[in-house]
Amino acid sequence: MTQTRHDRVLIVDFGSQVTQLIARRLRESGVYCEIHAFDKTDAMLDAFAPKAIILSGGPQTAGETASPAAPRRIFDLGVPVLGICYGEMTLCAQLGGAVEAGHDREFGRAEIRIERVSPLLDGLGVVGDTQTVWMSHGDKITAIPHGFEVIATSQGSPYAVIGDEARRIYGVQFHPEVMHTPRGATILRNFTHQIAGLTGDWTMASFRAESIARIRAQVGRGRVICGLSGGVDSSVAAVLIHEAIGDQLTCVFVDTGLLRLDEATQVVTLFRDHYNIPLIHVEAGEQFLGALAGVSDPETKRKIIGKTFIDIFEREASRIEGVAFLAQGTLYPDVIESVSPTGGPSAVIKSHHNVGGLPDMMKLKLVEPLRELFKDEVRKLGIELGLPAPFVGRHPFPGPGLAIRIPGNITPAAVATLQQADALFLDEIRKAGLYDKIWQAFAVLLPVKTVGVMGDARTYENVLALRAVTSTDGMTADVFEFPWDVLTRAATRVVNEVRGVNRVVYDVTSKPPGTIEWE
């Protein structure tokens, strides 16, 4: 279900790995937007009724016979259009310009020079001024369509910014959505607020009110069951749904025995005692560890955890009379990746995080109140709903839990060791005031033992790896550069306080989009 009370921007997706960042930047300025694949756009265009349209980047070459293209009528709707990178190229190719493949490649930082005054670059300087941008293209526009003028140039692109001011159609060769274009957010805001005239009135308060109304309309007097993992997504979904329908919601918390130290107690206390949400707490640690005994292959572990989780959840659901709906904490990146125009890596990536899906035999209708939100927006909604800030701000935790942080055989002793070490690591991070500066931090118990000397005795014990990354939205991540004294204190405490560990290493590798986990 899409928003109906706010002006909307349609983002036509041509497969860029940073398309989601366009949506994030627009929403940061209060503009509601949705991403739809280029080959699905025509069918939903009238119903969506966008007030502006953005054409994303992509890996293809525009102008070739099989090149993806925007529906031609987009340019005849009379609403502003902005083409970004490939979006600018296909715009040119479709409106009478020309694009050639493999000429004047331009990747990384570049300087554009303002050649003409335009509302698109308002606030970025006067004619002759320059701005740093992020280029990523290997093709070249050789002619722009009739009615277009050059607004800015770069050393590698004579058409870095172009526009038909009368029709309010623009193209930029660079990526304004990425952080490496410092004034990119200003360019996008100029497009949405000045050129398209949008008010930017989409807020978490309005989303909360509208979501409650939608949930009530969808559910009616029906009963809803929610699989509460203890993570931020399912927790925010549960509180939002409970606010809408009260005790028609029942949460099932399956304690796999693979959670962080004391996490199960925290979840039960918060939802059963503080929010008074009907909660079924299933302590199934022995069942999960028994099923995982002797299994080393990580993908097999995930499948076992997923099947066991679904079996338990289905059993508990069958005991609740009249359940017709299943609530899930599906987020907008999940929705986008599931319909990626280039066959994105969603299925592979999500196996790192999910423990299962909706069993076909349950025949329940889905309630997914967060499917329009990004991760950081879910956190904001959680605060709006009154969830404690430390809970909402917790680092992401994968569905399979510690199972993917124990390569090799999983034993009760290994789980206990990792829980304690992980807790010590996070404790030192919090004491140093670094927790909120890190997107995700955790420990991994490696299937490796080393010889060491502790005091006057020789030891032969496990190696523990520590990892911490920075990110804004979990789409990309980079290593967190710890102050050496904090990392040293954490490692020393682990070796001194956790039996079975005599060496600690820190993982300093970065990760490409989507692959936050380490295993």
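The values are calculated or read from the model by the stated rules, or taken from the named source; none is laboratory data. Keep in mind the model is a prediction, meaning the values are calculated, not measured. Note that each Cβ is placed from the backbone with ideal geometry, even for glycine, and that neighbours are counted across all protein chains shown. Calculation scope for accessible area: heavy atoms of the full protein, side chains included, ligands and nucleic acids excluded. Shrake-Rupley method; radii C 1.70, N 1.55, O 1.52, S 1.80 Å.
Return the only residue of ILE215, ILE195, ILE241, ILE225 being touching a residue at least 60 places away in the same chain (Cβ under 8 Å), closer than 30 Å to GLY123 by Cα and aliphatic (A, V, I, L, M). Result of the check over ILE215, ILE195, ILE241, ILE225: ILE195. Set side by side, the residues SER67, SER16 differ, and just one is closer than 23 Å to MET179 by Cα, open to solvent by 10 Å² or more (accessible area, probe 1.4 Å) and modelled with pLDDT under 95, which is SER16. Suppose the filter is closer than 28 Å to ALA101 by Cβ, in contact (Cβ under 8 Å) with a residue 40 or more places away in the chain and either of a type outside the set (A, V, I, L, M) or in contact with a strand residue (DSSP E or B) (Cβ under 6 Å, 6 or more places away or on another chain) (or both); does LEU120 pass it? Considered against the rule, which asks whether it is closer than 28 Å to ALA101 by Cβ, in contact (Cβ under 8 Å) with a residue 40 or more places away in the chain and either of a type outside the set (A, V, I, L, M) or in contact with a strand residue (DSSP E or B) (Cβ under 6 Å, 6 or more places away or on another chain) (or both), LEU120 comes out as yes. Pairs are defined by a Cβ separation below 6 Å, a sequence spacing of at least 6 or placement on different chains, a first member in region 153-171 that is closer than 15 Å to GLY96 by Cα, and a second member that is of a type in the set (Phe, Trp, Tyr) and buried (at least 17 other Cβ atoms within 10 Å of the Cβ); the pairs so defined are ILE162/PHE148; GLY163/TYR170; ASP164/PHE148. Of all residues in region 387-396, which are open to solvent by 20 Å² or more (accessible area, probe 1.4 Å), touching a residue at least 60 places away in the same chain (Cβ under 8 Å) and either part of a helix (DSSP H, G or I) or under 18 Å from THR203 (Cα atoms) (or both)? Hit for region 387-396 is PHE391, nothing else. Within region 44-63, being open to solvent by 10 Å² or more (accessible area, probe 1.4 Å) and either within 22 Å of ALA93 (Cα to Cα) or of a type in the set (Val, Ile, Thr) (or both) holds for GLY58, PRO59, GLN60, THR61, GLY63.
Looking only at region 186-234, residues that are at positive phi and touching an Asp or Glu at 6+ places or on another chain (Cβ under 8 Å) come to 1 in all.
Residues that are among the acidic types (Asp, Glu) and buried (at least 21 other Cβ atoms within 10 Å of the Cβ) within region 119-139 comprise just one, ASP139.
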